1. Taking the range A:99-130, which residues are surrounded by 13 or more Cβ atoms within 10 Å (Cβ to Cβ) and part of a loop (DSSP other than H, G, I, E, B)?
2. Looking only at the range B:173-204, which residues are within 14 Å of another protein chain (Cβ to nearest Cβ), over 25 Å from residue B:114 (Cα atoms), at pLDDT below 90 and in contact with a Leu (Cβ under 8 Å, 6 or more places away or on another chain)?
3. Only one of (1) within 20 Å of residue A:85 (Cα to Cα); (2) more than 10 Å from every other protein chain (Cβ to nearest Cβ) fails for residue B:120. Which number is that?
4. Filtering the range B:15-60 down to residues that are in contact with a Ser or Thr (Cβ under 6 Å, 6 or more places away or on another chain), within 12 Å of chain A (Cβ to nearest Cβ) and within 21 Å of residue B:212 (Cα to Cα), which residue is surrounded by the fewest Cβ atoms within 10 Å (Cβ to Cβ)?
5. Return yes or no: is residue B:193 surrounded by fewer than 17 Cβ atoms within 10 Å (Cβ to Cβ) and either within 23 Å of residue B:48 (Cα to Cα) or without any contact (Cβ under 8 Å) to a residue 60 or more places away in the chain (or both)?
6. Could you please find all residues in the range A:234-248 being surrounded by 15 or more Cβ atoms within 10 Å (Cβ to Cβ) and within 21 Å of the chain's Cα centre (by Cα)?
7. With the range A:25-98 as the region, which helices (runs of 4 or more DSSP H) entirely inside it contain at least 1 residues that are over 19 Å from the mean Cα position of the chain (by Cα) and within 14 Å of chain B (Cβ to nearest Cβ)?
8. Could you please find all residues in the range B:171-185 being outside any loop (DSSP other than H, G, I, E, B) and surrounded by fewer than 23 Cβ atoms within 10 Å (Cβ to Cβ)?
Amino acid sequence: MSYRASFVLELSTNVFATVMDVLTVLVLFRVSRTVGGFTLHEALLVVGLSSCAFAAADLVVGNIERIKFYVRTGMLDAVLVRPLGALPQLLLMDLPLRKFSRCVFGTGVLAVAAATAGIDWTPARVSLVVVAPLAGVVFFSAIFVVSAAVAFWWIDTGELGNAFTYGGRDFTSYPITVYSGWFRRLFAYGMGFAFVSYYPALALLGRPDPLGLPDWVGYAAPSAAVVAAAAAAAVWRVGIRHYRSTGS
Amino acid sequence: MTVVIEARGLRKEFTVKVKAGRLRRERRVVAAVDGVDLRVERGEMLGYIGPNGAGKSTTLKMLTGILVPSAGEARVCGLVPVPQRTRLARRIGVVFGQRSQLWWDLPLRDSFDLLRHIFRVPAAEHAARLRRCRGLLDLDGFMDTPVRQLSLGQRMRGELTAALLHGPEVLFLDEPTIGLDVVSKQAVRSFLADLGAGGDVTLVLTTHDLADIERLCRRLVVIDHGRVVHDGSIEALHARYGSRRRVVVDLDEPVGEPPEGAVVEADGRRLVFTVDGAVAPVVASLAGLPALRDLTIVEPDIEEVVTRLYLSPGAP
């Protein structure tokens, strides 16, 4: 809290960015009544799940992006001579309060969407609407960690990592039926993004999957999150052993 | 005596991409550390020196758990550095002269407090160690200044304190006096000498300032191209390279016939003797010289020996 003016500025730009994400979806529905076979309220549920999960993951784990800087300058040395795990230290280096606003906004969208989408509430669906965003947080966190760990191999990764983090958020903001071909297969199933928002939303709405997967897939979000987290942990462990430091 | 650091065949390779032609890049494997063996006992003060790029820092980074060795094994305080990194971190202190361990925006007072929590040091122990460092390193004047506004000398004194607050058994110092002025260098050296005199803390010090070594270390390990080329006392190094004391005599007027064994300089106004063993007989024989103005005994210069060591090709 040493730099107040800059904090206020960043807070407002963050709110603005999140509002824009949702506005994009709303604009889309001005043009057409349905997108990918989904109505506005249904699609809003997908956006809500995605942006709530992404914002929370960004708040908790988003800091990891700094690893690029730490690896390039060799500052990771200082982190490694302290008696704590390297990953928690990097995450706790800074708690970006400005990102908190996005989190609140994302949760708000999810709440409004869940209330207005005409969901037939059963106990399973009530627990799903709580568990799915949490699984999404874990999933996005794993994506953040993997895309940051790439820095251990390629020092200057630039925007490559963002393609998967922010790209993943954008991908999960729409029903996957709007995508097609190999692109959908890779992102939705290969990398598991479909399990963050699309399938949980289908299960909440009680709609069968137009792409033909069975109904229980909607409840697979936690499993997908666990798999992603395990993969991320493995990549991180191998990555940190690849750390080369810098000459000094 | 207990062995606190043990390394056998320690090796670290880096792949370097070298430009070869307009688009092609060749991968080349470079061994920064090439089979280093080292045994250090508790309470030793070890000077670890070598020319730039010899592998000093890389060795230290493998011993502190930052880098994974490509081959060989190391144990520090009985722990394997990389797999047992967090346990080892509690028992060693690390100071990198070129890299700060402190928090850039925080004053030293807060940094030290944060370290107490990170290392889970009991408050009383922490306070006692901090009091001692504040006294010896004269920190009181800048305890509340953010680290980024400290001078290099002040920051280095802060770094030393930060590395010692958890009471480490081994202290690794990578060029702790780099860039410091004479006064700060002296402060750091006498602090380290004081620390080493206790006999509980083992010091491993890399430096390019050989005065650090002469002041602090009895044992000297010299590495070059990733290999140990000398391991022993400073005296042993002098003996091995035949560096001897010299007696320099200045005269009021040129000498006619130079005495035996003397090299004549400065138009016959200066005589230089190179002496094996005791200097006294030489001095006694010179006392009778007419026009004797001044007489100096020059100790062998470690810089000279080390220069010869660095330049000698194919050292063992």
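The values are calculated or read from the model by the stated rules, or taken from the named source; none is laboratory data. Treat the numbers as computed from the prediction; the structure is a model and nothing was measured. No Cβ is skipped: glycine too gets one built from the backbone with ideal geometry, and neighbour counts run over all protein chains shown.
1. A:117, A:119
2. The answer is B:179, and nothing else.
3. Result: residue B:120 fails condition (2) only.
4. Checked the range B:15-60; the qualifying residue surrounded by the fewest Cβ atoms within 10 Å (Cβ to Cβ) is B:56.
5. So residue B:193 fits the description; yes.
6. Within the range A:234-248, A:235, A:236 qualify.
7. A:67-73, A:76-80, A:86-92
8. Passing the criteria: B:171, B:182, B:183, B:184, B:185.
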